[in-house]
Structure formats: C-alpha cells, structure tokens
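Taking it in order: structure first as structure tokens, then the write-up.
Derivation of every value follows stated rules applied to the coordinates shown; laboratory data play no part. Note that the structure is predicted; figures quoted are calculated from it, not measured. Glycine also receives a Cβ, built like all others from the backbone with ideal geometry; neighbour counts cover every protein chain displayed.
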Amino acid sequence: RTSASYQRFDQGRAAFGAIVSSSRALIRTAVTSIFPLQPRLCRSFVRLVRAFPRALIFHLTPDGDQASSLPESKMELTKDEIEEALARQLRELLGAAEAKKILDTSNRPLCVLQLITKTASLAEMESSVESRLDMEIRELGINLEQCERILRHPIPTSYTRHTS
C-alpha cells in the first residue's frame with residue numbers, strides 16, 4: 001500500500017521534472033533559433049512557456065501551491081483568492097488580454113499549450129528546429145496528460161484499506 005502511494009508520488013514528481021526539462025529545452029531552442037530573426041515573437045513564446053508550469057500547478061492543486069507561502073495565522077485561501085493569485089501571475093507574465101483568454105478556459109494548461117503551439121507555428125525557422133520544438137511541445141502535452149491521469153484516478157480502495 002505504501003509502495004503504491006510512493007510510486008504515484010514518484011510518477012508525479014518525474015512528470016513535473018520532465019515538464020521543467022522540456023520547458024528549458026523549448027526556451028533554449030527559441031532563444032538560439034527564433035530570437036535572432038524574430039525577437040518579439042521569441043519573447044512571447046518564452047513567456048507562454050514560463051506560464052505553462054504555473055497554470056499546471058493551479059490546475060492540479062486545490063490552492064495552486066499558494067498555501068506554502070501563507071503566514072501561519074492564515075491557514076487557507078478562498079477560491080476567489082486562489083483565482084486572483086493565478087490571474088495576477090498570468091497578467092505579470094503575459095499581459096491582461098492573453099491572461100484573460102487563458103483564465104476563461106476550463107483546462108488552462110491545455111490552453112497555454114495550444115497558444116505555445118500557435119506561437120511556434122508563426123516563427124520562421126529551419127525544419128530541424130521546428131521538429132525539435134514540436135517534439136518538446138508534444139512532451140509537455142504527454143506530461144500534462146500523465147499529471148492529470150495521476151490526479152483523476154485515485155489509488156484503488158483495496159490498496160488504501162487498513163492503512164489509517
């Protein structure tokens with residue numbers, strides 16, 4: 001039972017680690033390949049890639065991991081406070097218009113992923129670079145699915161019975 005719980009924790013940790021790795025690879029590729037020709041587009045792309053893990057954390061956790069930075073006197077955030085925290089972070093990264101577009105969707109990380117894909121398609125680049133970007137974007141999608149799968153499918157009751 002403990003092993004099953006730890007295995008799920010480890011899967012989640014590995015998936016989020018892969019998201020960080022893919023995000024870094026995307027940014028590195030964009031800065032070296034897109035920035036010299038299209039700096040404005042590159043900045044937009046990088047901001048979207050930076051917004052993806054933020055949107056994912058808020059999607060996967062009830063409080064967007066904001067409780068870890070709360071003073072001890074305040075134990076919980078309201079739903080509105082959590083929404084405002086995400087809105088503030090997205091506005092700081094992307095601006096009001098793009099943040100609103102993301103906030104108006106039910107699956108925000110998927111929306112950010114679609115915006116990343118759309119922005120990448122606007123870039124003028126060699127086919128090898130385009131292929132590399134596409135591969136890393138696909139990797140983000142795969143890891144998003146894995147995180148959602150872990151969250152949405154609880155450990156079976158037969159594994160958790162008699163553990164408390």
Legend entry - Matching residues, the range 6-56, being in contact (Cβ under 8 Å) with a residue 40 or more places away in the chain and farther than 17 Å from Leu133 by Cβ: Arg8, Gln11, Gly12, Ala15, Phe16, Ala55, Leu56
Inset, instruction - Tally the residues that are crowded, with 16+ Cβ neighbours inside 10 Å and assigned to a helix (DSSP H, G or I), restricting the search to the range 13-47. - result: 18
